[in-house]
Amino acid sequence: MLYQQIARNKRKTVLVMFGFFLLVALIGAAIGYLFARSAVSGIIIAGVIAIIYMSVMIGQSTDVVMNMNNAREIHSASEAPELWHVVEDMAMVAQVPMPRVFIINDPSPNAFATGNDPQYAAVAATTGLLQIMDREELEGVMGHEMSHVRNYDIRLQTIALALSAAISVLVNFAGNFWWLGGRGSDRDDDDAGGVFAIFGSILLIILAPLAATIAQMALSRNREYLADAGSVELTRNPHGLISALEKLKEAQPMKAADPNSSALYISDPERNAKHRRFAHLFDTHPPLDDRIKRLEEM
(Lines give C-alpha, C1' and ligand atoms only; values in the text may rest on other atoms or scores of the structure.)
Protein backbone atom coordinates (compact mmCIF):
# COMPACT_ATOMS: atom_id res chain seq x y z
CA MET A 1 0.00 0.00 0.00
CA LEU A 2 2.79 2.42 0.91
CA TYR A 3 4.75 2.06 -2.32
CA GLN A 4 1.57 2.02 -4.43
CA GLN A 5 0.59 5.34 -2.87
CA ILE A 6 4.04 6.80 -3.55
CA ALA A 7 3.92 5.69 -7.20
CA ARG A 8 0.38 7.04 -7.67
CA ASN A 9 1.28 10.45 -6.21
CA LYS A 10 4.38 10.71 -8.39
CA ARG A 11 2.28 10.09 -11.49
CA LYS A 12 -0.17 12.77 -10.42
CA THR A 13 2.70 15.22 -9.91
CA VAL A 14 3.96 14.61 -13.45
CA LEU A 15 0.47 15.32 -14.81
CA VAL A 16 0.10 18.53 -12.80
CA MET A 17 3.52 19.84 -13.87
CA PHE A 18 2.75 18.94 -17.49
CA GLY A 19 -0.50 20.91 -17.15
CA PHE A 20 1.45 23.87 -15.78
CA PHE A 21 3.86 23.97 -18.73
CA LEU A 22 0.97 23.44 -21.15
CA LEU A 23 -0.87 26.39 -19.60
CA VAL A 24 2.17 28.64 -20.05
CA ALA A 25 2.42 27.56 -23.71
CA LEU A 26 -1.30 28.15 -24.33
CA ILE A 27 -1.16 31.63 -22.79
CA GLY A 28 1.87 32.44 -24.92
CA ALA A 29 0.06 31.18 -28.02
CA ALA A 30 -3.02 33.24 -27.13
CA ILE A 31 -1.00 36.42 -26.64
CA GLY A 32 1.03 35.80 -29.77
CA TYR A 33 -2.09 35.26 -31.87
CA LEU A 34 -3.98 38.16 -30.32
CA PHE A 35 -1.28 40.79 -30.85
CA ALA A 36 0.89 39.46 -33.68
CA ARG A 37 -1.22 36.71 -35.28
CA SER A 38 1.65 34.33 -34.54
CA ALA A 39 1.03 31.67 -31.91
CA VAL A 40 4.54 30.25 -32.29
CA SER A 41 6.16 33.60 -31.49
CA GLY A 42 4.01 33.90 -28.38
CA ILE A 43 4.96 30.40 -27.20
CA ILE A 44 8.67 31.18 -27.61
CA ILE A 45 8.36 34.44 -25.66
CA ALA A 46 6.35 32.75 -22.89
CA GLY A 47 8.94 29.96 -22.69
CA VAL A 48 11.80 32.46 -22.33
CA ILE A 49 9.98 34.36 -19.58
CA ALA A 50 9.19 31.13 -17.72
CA ILE A 51 12.83 29.96 -17.91
CA ILE A 52 14.08 33.33 -16.64
CA TYR A 53 11.69 33.27 -13.69
CA MET A 54 12.58 29.68 -12.82
CA SER A 55 16.31 30.43 -12.96
CA VAL A 56 16.00 33.47 -10.73
CA MET A 57 13.71 31.85 -8.17
CA ILE A 58 15.66 28.58 -7.98
CA GLY A 59 18.78 30.62 -7.34
CA GLN A 60 17.25 32.53 -4.44
CA SER A 61 18.68 31.93 -1.03
CA THR A 62 16.91 29.93 1.67
CA ASP A 63 17.49 32.95 3.89
CA VAL A 64 14.83 34.87 1.95
CA VAL A 65 12.11 32.34 2.82
CA MET A 66 13.27 32.08 6.42
CA ASN A 67 13.34 35.86 6.83
CA MET A 68 9.81 36.07 5.40
CA ASN A 69 8.70 33.74 8.20
CA ASN A 70 10.79 35.34 10.97
CA ALA A 71 12.78 32.16 11.50
CA ARG A 72 15.93 32.04 13.63
CA GLU A 73 18.72 29.62 12.76
CA ILE A 74 20.21 27.35 15.38
CA HIS A 75 23.78 26.22 14.87
CA SER A 76 24.26 23.39 17.36
CA ALA A 77 22.42 20.74 19.34
CA SER A 78 22.87 22.76 22.53
CA GLU A 79 20.25 25.30 21.37
CA ALA A 80 17.45 22.78 20.74
CA PRO A 81 18.73 19.26 21.48
CA GLU A 82 15.65 17.19 20.62
CA LEU A 83 14.89 19.02 17.36
CA TRP A 84 18.52 18.94 16.25
CA HIS A 85 18.97 15.22 16.91
CA VAL A 86 15.66 14.25 15.30
CA VAL A 87 16.52 16.23 12.15
CA GLU A 88 19.98 14.66 12.16
CA ASP A 89 18.50 11.15 12.47
CA MET A 90 15.89 11.69 9.74
CA ALA A 91 18.49 13.14 7.36
CA MET A 92 20.69 10.11 7.95
CA VAL A 93 17.83 7.66 7.25
CA ALA A 94 16.77 9.64 4.16
CA GLN A 95 20.40 9.66 2.99
CA VAL A 96 20.48 13.43 2.45
CA PRO A 97 22.90 16.01 3.91
CA MET A 98 22.04 17.49 7.29
CA PRO A 99 19.89 20.56 6.50
CA ARG A 100 20.13 23.91 8.24
CA VAL A 101 17.75 24.08 11.20
CA PHE A 102 15.54 27.05 12.11
CA ILE A 103 13.00 27.85 14.84
CA ILE A 104 10.01 30.16 14.42
CA ASN A 105 8.75 31.86 17.57
CA ASP A 106 5.04 31.10 17.17
CA PRO A 107 2.70 29.24 19.57
CA SER A 108 0.90 27.48 16.70
CA PRO A 109 2.46 24.05 15.95
CA ASN A 110 3.82 23.80 12.40
CA ALA A 111 6.94 23.07 10.34
CA PHE A 112 8.25 23.30 6.78
CA ALA A 113 11.23 22.59 4.55
CA THR A 114 12.72 24.79 1.85
CA GLY A 115 15.83 25.20 -0.31
CA ASN A 116 16.98 24.57 -3.86
CA ASP A 117 17.97 20.91 -3.45
CA PRO A 118 19.01 18.49 -0.67
CA GLN A 119 22.51 19.97 -0.60
CA TYR A 120 21.15 23.41 0.34
CA ALA A 121 17.98 22.47 2.23
CA ALA A 122 16.67 23.87 5.48
CA VAL A 123 13.89 22.89 7.88
CA ALA A 124 12.00 25.06 10.34
CA ALA A 125 9.76 24.24 13.29
CA THR A 126 7.67 26.54 15.44
CA THR A 127 8.10 26.82 19.19
CA GLY A 128 4.50 25.62 19.45
CA LEU A 129 5.38 22.38 17.65
CA LEU A 130 8.34 21.72 19.94
CA GLN A 131 6.19 22.29 23.01
CA ILE A 132 3.36 19.85 22.22
CA MET A 133 5.04 17.05 20.25
CA ASP A 134 6.76 14.10 21.91
CA ARG A 135 9.78 12.53 20.23
CA GLU A 136 7.77 9.97 18.24
CA GLU A 137 5.49 12.71 16.86
CA LEU A 138 8.42 15.02 16.14
CA GLU A 139 10.09 12.21 14.18
CA GLY A 140 6.91 11.82 12.12
CA VAL A 141 6.84 15.56 11.35
CA MET A 142 10.53 15.78 10.50
CA GLY A 143 10.29 12.56 8.47
CA HIS A 144 7.58 14.32 6.47
CA GLU A 145 9.80 17.37 5.92
CA MET A 146 12.83 15.25 5.06
CA SER A 147 10.71 13.46 2.47
CA HIS A 148 10.02 16.85 0.88
CA VAL A 149 13.78 17.40 0.73
CA ARG A 150 14.61 13.93 -0.59
CA ASN A 151 11.85 14.04 -3.23
CA TYR A 152 12.89 17.53 -4.43
CA ASP A 153 9.46 18.88 -3.50
CA ILE A 154 11.21 22.04 -2.33
CA ARG A 155 12.36 22.65 -5.90
CA LEU A 156 9.03 21.61 -7.43
CA GLN A 157 7.17 24.19 -5.36
CA THR A 158 9.70 26.83 -6.39
CA ILE A 159 9.19 25.97 -10.07
CA ALA A 160 5.41 26.06 -9.64
CA LEU A 161 5.66 29.47 -7.98
CA ALA A 162 7.92 30.71 -10.79
CA LEU A 163 5.50 29.47 -13.46
CA SER A 164 2.60 31.16 -11.66
CA ALA A 165 4.60 34.39 -11.56
CA ALA A 166 5.42 34.07 -15.27
CA ILE A 167 1.73 33.55 -16.05
CA SER A 168 0.86 36.69 -14.06
CA VAL A 169 3.47 38.69 -15.99
CA LEU A 170 2.11 37.47 -19.33
CA VAL A 171 -1.49 38.23 -18.34
CA ASN A 172 -0.58 41.69 -17.04
CA PHE A 173 1.32 42.41 -20.24
CA ALA A 174 -1.67 41.37 -22.34
CA GLY A 175 -4.04 43.50 -20.28
CA ASN A 176 -1.84 46.59 -20.33
CA PHE A 177 -1.03 46.27 -24.02
CA TRP A 178 -4.69 45.87 -24.93
CA TRP A 179 -5.69 48.81 -22.71
CA LEU A 180 -3.10 51.01 -24.44
CA GLY A 181 -4.61 50.15 -27.80
CA GLY A 182 -2.26 47.41 -28.97
CA ARG A 183 -3.76 45.23 -31.71
CA GLY A 184 -2.56 42.60 -34.09
CA SER A 185 -3.22 42.48 -37.79
CA ASP A 186 -6.90 42.68 -38.66
CA ARG A 187 -6.59 40.82 -41.94
CA ASP A 188 -8.62 37.83 -40.71
CA ASP A 189 -10.86 39.47 -38.11
CA ASP A 190 -13.83 39.28 -40.49
CA ASP A 191 -13.41 35.53 -40.84
CA ALA A 192 -15.57 33.51 -38.44
CA GLY A 193 -12.61 31.35 -37.46
CA GLY A 194 -10.49 34.42 -36.77
CA VAL A 195 -13.16 35.97 -34.55
CA PHE A 196 -13.55 32.70 -32.66
CA ALA A 197 -9.77 32.44 -32.17
CA ILE A 198 -9.59 36.00 -30.84
CA PHE A 199 -12.47 35.39 -28.44
CA GLY A 200 -10.87 32.13 -27.25
CA SER A 201 -7.51 33.86 -26.73
CA ILE A 202 -9.07 36.62 -24.64
CA LEU A 203 -11.01 34.10 -22.54
CA LEU A 204 -7.88 32.01 -21.95
CA ILE A 205 -5.89 35.05 -20.82
CA ILE A 206 -8.66 36.04 -18.39
CA LEU A 207 -8.98 32.55 -16.88
CA ALA A 208 -5.25 31.72 -16.84
CA PRO A 209 -4.42 33.08 -13.34
CA LEU A 210 -7.30 31.08 -11.85
CA ALA A 211 -6.15 27.92 -13.61
CA ALA A 212 -2.56 28.49 -12.46
CA THR A 213 -3.68 28.90 -8.85
CA ILE A 214 -5.74 25.70 -8.98
CA ALA A 215 -2.79 23.80 -10.51
CA GLN A 216 -0.38 25.13 -7.88
CA MET A 217 -2.72 24.12 -5.06
CA ALA A 218 -3.27 20.67 -6.60
CA LEU A 219 0.50 20.14 -6.77
CA SER A 220 0.91 21.17 -3.15
CA ARG A 221 -1.87 18.86 -1.92
CA ASN A 222 -0.50 15.91 -3.88
CA ARG A 223 3.03 16.35 -2.54
CA GLU A 224 1.68 16.43 1.03
CA TYR A 225 0.23 12.95 0.58
CA LEU A 226 3.53 11.78 -0.86
CA ALA A 227 5.54 13.29 2.01
CA ASP A 228 3.21 11.63 4.54
CA ALA A 229 3.88 8.26 2.89
CA GLY A 230 7.59 9.09 2.80
CA SER A 231 7.59 9.82 6.53
CA VAL A 232 6.20 6.35 7.20
CA GLU A 233 8.87 4.89 4.94
CA LEU A 234 11.63 6.67 6.89
CA THR A 235 10.32 6.13 10.44
CA ARG A 236 8.64 2.73 9.87
CA ASN A 237 6.01 4.09 12.24
CA PRO A 238 2.76 5.63 10.92
CA HIS A 239 1.44 6.19 14.45
CA GLY A 240 3.88 9.03 15.20
CA LEU A 241 2.73 11.13 12.24
CA ILE A 242 -0.94 10.19 12.80
CA SER A 243 -0.70 11.43 16.39
CA ALA A 244 1.08 14.60 15.25
CA LEU A 245 -1.61 15.36 12.63
CA GLU A 246 -4.32 14.79 15.25
CA LYS A 247 -2.70 17.50 17.37
CA LEU A 248 -2.36 19.82 14.35
CA LYS A 249 -6.14 19.62 13.83
CA GLU A 250 -6.54 21.69 17.01
CA ALA A 251 -3.97 24.32 16.01
CA GLN A 252 -4.83 27.99 15.77
CA PRO A 253 -3.67 30.10 12.78
CA MET A 254 -0.04 31.13 12.89
CA LYS A 255 0.89 34.72 13.60
CA ALA A 256 4.30 34.79 11.91
CA ALA A 257 3.69 32.79 8.73
CA ASP A 258 4.09 34.57 5.41
CA PRO A 259 1.03 33.92 3.18
CA ASN A 260 3.24 33.19 0.17
CA SER A 261 4.86 30.37 2.13
CA SER A 262 1.63 28.66 3.22
CA ALA A 263 2.07 25.75 0.80
CA LEU A 264 5.44 24.89 2.38
CA TYR A 265 4.09 24.10 5.84
CA ILE A 266 3.05 20.62 6.98
CA SER A 267 -0.45 21.98 7.61
CA ASP A 268 -2.10 25.15 6.37
CA PRO A 269 -0.98 27.90 8.79
CA GLU A 270 -4.08 29.96 7.96
CA ARG A 271 -6.64 27.18 7.64
CA ASN A 272 -8.84 28.23 10.57
CA ALA A 273 -8.97 31.77 9.22
CA LYS A 274 -10.39 30.73 5.84
CA HIS A 275 -13.85 29.75 4.65
CA ARG A 276 -13.69 26.63 2.52
CA ARG A 277 -15.76 26.39 -0.62
CA PHE A 278 -15.70 24.75 -4.03
CA ALA A 279 -14.47 21.36 -2.79
CA HIS A 280 -11.15 22.65 -1.44
CA LEU A 281 -9.89 23.69 -4.91
CA PHE A 282 -7.89 26.52 -3.42
CA ASP A 283 -6.60 24.72 -0.33
CA THR A 284 -2.83 24.45 -0.09
CA HIS A 285 -3.16 21.18 1.84
CA PRO A 286 -5.46 18.15 1.85
CA PRO A 287 -7.86 17.92 4.83
CA LEU A 288 -6.04 16.53 7.84
CA ASP A 289 -8.74 13.88 8.32
CA ASP A 290 -8.07 12.57 4.79
CA ARG A 291 -4.34 12.42 5.44
CA ILE A 292 -4.89 10.56 8.71
CA LYS A 293 -7.22 8.10 7.00
CA ARG A 294 -4.60 7.30 4.35
CA LEU A 295 -1.96 6.77 7.01
CA GLU A 296 -4.24 4.45 8.96
CA GLU A 297 -4.73 2.37 5.81
CA MET A 298 -1.01 1.69 5.72
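Close amide H pairs (under 5 Å, H built 1.01 Å from N) link I104 with R72, A125, T126, T127, residues at least 5 positions away or on another chain. Here each label is just a point 7 Å from Cα along the line to Cβ, and for D63 and D289 those points are 4.5 nm apart. Within the assembled protein chains, the solvent-accessible surface assigned to D89 is about 60 Å², based on a 1.4 Å probe.
Taking the alpha-carbon centroid of each part, what is the distance from the stretch 194-260 to the stretch 99-143 in angstrom? When both Cα centres are located, 18 Å separates them. Surface listing: E139, E246, E224 arranged by accessible area from highest to lowest gives E246, E139, E224, probe 1.4 Å.
Applying the Karplus relation 6.51 cos²θ - 1.76 cosθ + 1.60 with θ = phi - 60° to the stretch 98-108 yields 3J(HN,Hα) values of 4, x, 5, 10, 10, 10, 10, 7, 8, x, 7 Hz, where x marks Gly and Pro.
Multiplying the residue separation of N176 and L203 by 0.36 nm and subtracting their alpha-carbon distance yields 8.2 nm. Take each peptide in 155-161, 124-130, count the other Cβ atoms within 10 Å of every residue, and average; sorted highest first, the result is 124-130, 155-161.
The values are calculated or read from the model by the stated rules, or taken from the named source; none is laboratory data. Since this is a predicted model, take the numbers as computed values, not measurements. Every residue, glycine among them, receives a Cβ derived from its backbone with ideal geometry; neighbour counts consider all protein chains shown. Ligands, DNA and RNA are stripped out before the accessible areas are found, and what is left, the full protein with its side chains, is counted by its heavy atoms. Shrake-Rupley method; radii C 1.70, N 1.55, O 1.52, S 1.80 Å.
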